[in-house]
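So the structure is just underneath, and the comments pick up after that.
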Amino acid sequence: MNIATVAAAALALSFVTQVDAQWQKVPDRNVSWAAGKPNLSGPAPRTAQRTPDLSGVWLADPDPHGQPAGLEQAVFPRYMINIAADLKPEQDPLRPEAAKIFTERLQRDGIDSPEAHCKPIGAPRFDAFPLPYKIVQTPSLVLILLESETDFRQIFLDGRKPVEDPLPRWMGYSRGHWDGDTLVVDTTGFADGIWLDAIGHPSTSQLHLIERFRRLDAGHLTIEVTIEDPGAYTRAITYTQPATLQPDSDLLEYYCAENEKDAQHYQ
């Protein structure tokens, strides 16, 4: 089965390529500019607390080895399609019961995926989805605003304890701390059955997500993602998703349910 085709079907909202922005182009003041062009390779900006400032509008990089797919022939981010893309098929650490769910999702060509039914995409797909997201950083809270479904995440840096007996959520409950120049984010409390990628790698309520955000320079960010879920996998899966700053862009609201025409064709 062609995985790219399944991913494209899951992204029945092939809106994923960016359209012309409707905001006036306002240069990101955290980036130096010359002759109207941003210096994306300049030094990463820092806050008054001397931590890297992650603030800005970011877009996950497409897979440099990916093939165009979907109606608009877009090249999608590598790990949005497949969190196990760096592994050989026989190395995918799916437990038997999770492998059964995964196979069933593949066979249905992605029509059960959350985004095909205008549901949230959840974490960790948030980091690799092919629509822009905006990071707003404060000393005690980092907000990540996603254009898709006008969704959001909150990462608390105030030292709070993990939530006891959490009400399951698509994005879970995130706590963060700085380790040198790296923002380390620990997230638990996920809903059962979230799709971890477009081809349907499953998860359970035991999902534990660790992300390491690093702003390499003014225009480039990496997010190292470690997925631990003993209910679905025999060991952790780790990958690194790069992103590039969109220095004169901003988010627009987007709601999949507006003008949605796909669900009537599902069987």
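The values are calculated or read from the model by the stated rules, or taken from the named source; none is laboratory data. Here the structure is a predicted model, which is why all the values come from computation and not from measurement. Glycine gets a Cβ as well: all are built from the backbone with ideal geometry, and neighbour counts include every protein chain shown.
Look at Tyr239 and say whether it is under 16 Å from the mean Cα position of the chain (by Cα), aromatic (Phe, Trp, Tyr) and farther than 20 Å from Leu143 by Cα.
yes
For Arg125, indicate whether it is among the basic types (Lys, Arg), within 20 Å of Tyr233 (Cα to Cα) and at pLDDT below 95.
yes
Can you find, within region 230-252, the residue that is farthest from Trp58 (Cα to Cα) among those that are out of contact with any Pro (no Cβ under 7 Å at 6 or more places or on another chain) and among the small types (Gly, Ala, Ser)?
My answer is Gly231.
Going residue by residue through region 193-203, is there one that turns out to be surrounded by fewer than 19 Cβ atoms within 10 Å (Cβ to Cβ) and at pLDDT below 95?
Scanning region 193-203, I find at least one residue that is surrounded by fewer than 19 Cβ atoms within 10 Å (Cβ to Cβ) and at pLDDT below 95, so the answer is yes.
So which of Thr150, Thr222 ends up being of a type in the set (Val, Ile, Thr) and on the phi > 0 side of the Ramachandran plot?
So the residue among Thr150, Thr222 that is of a type in the set (Val, Ile, Thr) and on the phi > 0 side of the Ramachandran plot is Thr150.
Results for (1) of a type in the set (D, E, K, R); (2) on the phi < 0 side of the Ramachandran plot; (3) in contact with a strand residue (DSSP E or B) (Cβ under 8 Å, 6 or more places away or on another chain), shown as yes or no for each residue.
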{"residue": "Leu143", "(1), (2), (3)": "no, yes, yes"}
{"residue": "Phe156", "(1), (2), (3)": "no, yes, yes"}
{"residue": "Arg160", "(1), (2), (3)": "yes, yes, yes"}
{"residue": "Leu167", "(1), (2), (3)": "no, yes, no"}
{"residue": "Trp178", "(1), (2), (3)": "no, yes, yes"}
{"residue": "Ile194", "(1), (2), (3)": "no, yes, no"}
{"residue": "Ala198", "(1), (2), (3)": "no, yes, no"}
{"residue": "Ser205", "(1), (2), (3)": "no, yes, yes"}
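List pairs: first in region 63-74 and touching a residue at least 24 places away in the same chain (Cβ under 8 Å) and of a type in the set (A, V, I, L, M), second surrounded by 12 or more Cβ atoms within 10 Å (Cβ to Cβ) and in a loop (DSSP other than H, G, I, E, B), Cβ under 8 Å, 6+ apart or cross-chain?
Ala69/Val75; Ala69/Phe76; Ala74/Thr17; Ala74/Pro62; Ala74/Pro68; Ala74/Pro130
Is region 83-106 home to any residue that is in contact with a helix residue (DSSP H, G or I) (Cβ under 8 Å, 6 or more places away or on another chain), closer than 23 Å to Asp192 by Cα, in contact (Cβ under 8 Å) with a residue 60 or more places away in the chain and buried (at least 20 other Cβ atoms within 10 Å of the Cβ)?
Among the residues of region 83-106, at least one is in contact with a helix residue (DSSP H, G or I) (Cβ under 8 Å, 6 or more places away or on another chain), closer than 23 Å to Asp192 by Cα, in contact (Cβ under 8 Å) with a residue 60 or more places away in the chain and buried (at least 20 other Cβ atoms within 10 Å of the Cβ), which makes the answer yes.
Take Pro45 and tell me if it is of a type outside the set (D, E, K, R), more than 20 Å from Thr204 (Cβ to Cβ) and within 19 Å of the chain's Cα centre (by Cα).
No: the conditions fail for Pro45.
Any residue at all in region 96-118 that's at pLDDT below 95, under 20 Å from Glu149 (Cα atoms) and in contact with a Cys (Cβ under 6 Å, 6 or more places away or on another chain)?
Yes: one or more hits.
For region 52-79, which positions are in contact with a Gly (Cβ under 9 Å, 6 or more places away or on another chain) and part of a loop (DSSP other than H, G, I, E, B)?
Across region 52-79, the qualifying residues are Val75, Phe76, Pro77.
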